[in-house]
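What follows is a short report on a single structure.
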Amino acid sequence: LGAINAGGPHNLRVLTATMPDSGCEVQAATLRISRAGSGFDAWNRGGIAADVDPRSGEVRRAMTKSKSGSQLLIDHPDTGERLVGVVIPLWEEVCDAVLDAARKTPGIRVVGWDVVVAADGPRIIEGNF
C-alpha cells in the first residue's frame, strides 16, 4: 500500500457490528490515503477515501474532497498508482483481527477499527465507538 501514496500516512477504517443472534460481522471498510505534501489521510483534510468491499477487500471507488465538492478518482492524483480494483493485502487477516477485537468488546455493538497493514500482518491502532 505504501506505493499508492509515496510513503505518506494511510490506514483502513473497518466497521464491525455485533449482532445478538449472528455474532460479529465486518459491515464496511474505507482505505484512507494521504496526498503529496500532507501529513493527513483524513478525507476532510484533503486525503482520499476509498470504499473497500468488506467481503473481498477490493477498492470499489475512491474520492477526494475539494472546495467545489467531491471528485471521483480511478488513480491516485499524485503518484498515478491505481486505486480502483486494488485488493488490500492480507485482507482476510485484517478481518480476522478486527472480528477478534470486536468479540473482546461485547458491550460495544458497532466499532470503527483503524488498522494499518504491516509487512508481517495487520495492526489495530484504535477502535472508534
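Please specify each residue of the range 29-43 satisfying the condition of being modelled with pLDDT of 70 or more, surrounded by 15 or more Cβ atoms within 10 Å (Cβ to Cβ) and of a type in the set (A, V, I, L, M, F, W, C).
Scanning the range 29-43 gives A29, L31, I33.
When both residues are 6+ apart or on different chains and their Cβ atoms are under 9 Å apart, which pairs have a first residue that lies in the range 114-127 and is in contact (Cβ under 8 Å) with a residue 24 or more places away in the chain, and a second that is of a type in the set (S, T, Y) and open to solvent by less than 20 Å² (accessible area, probe 1.4 Å)?
From the range 114-127, the pairs are G127/T16.
Considering every residue within the range 115-123, establish whether at least one is open to solvent by 20 Å² or more (accessible area, probe 1.4 Å), modelled with pLDDT of 95 or more, assigned to a strand (DSSP E or B) and of a type outside the set (A, V, I, L, M, F, W, C).
Yes, the conditions are met somewhere in the range 115-123.
Within the range 70-92, work out how many residues are of a type in the set (V, I, T), open to solvent by less than 70 Å² (accessible area, probe 1.4 Å) and within 14 Å of the chain's Cα centre (by Cα).
Matching residues across the range 70-92 total 3.
Here is a list: A97, A62, A49. Which entry is within 12 Å of T16 (Cβ to Cβ), free of Cβ contacts under 8 Å to residues at least 60 places away in the same chain and within 15 Å of the chain's Cα centre (by Cα)?
The match here is A97.
For the range 44-59, enumerate the residues that are farther than 12 Å from R13 by Cα, open to solvent by 20 Å² or more (accessible area, probe 1.4 Å) and at pLDDT below 95.
N44, R45, G46
The values are calculated or read from the model by the stated rules, or taken from the named source; none is laboratory data. All values reported here derive from a predicted model rather than from experimental measurement. Cβ coordinates were reconstructed from backbone atoms using ideal geometry, including for glycine residues, and neighbour counts include every protein chain displayed. These accessible areas exclude ligands, DNA and RNA; they are computed on the full protein's heavy atoms, side chains included. Shrake-Rupley method; radii C 1.70, N 1.55, O 1.52, S 1.80 Å.
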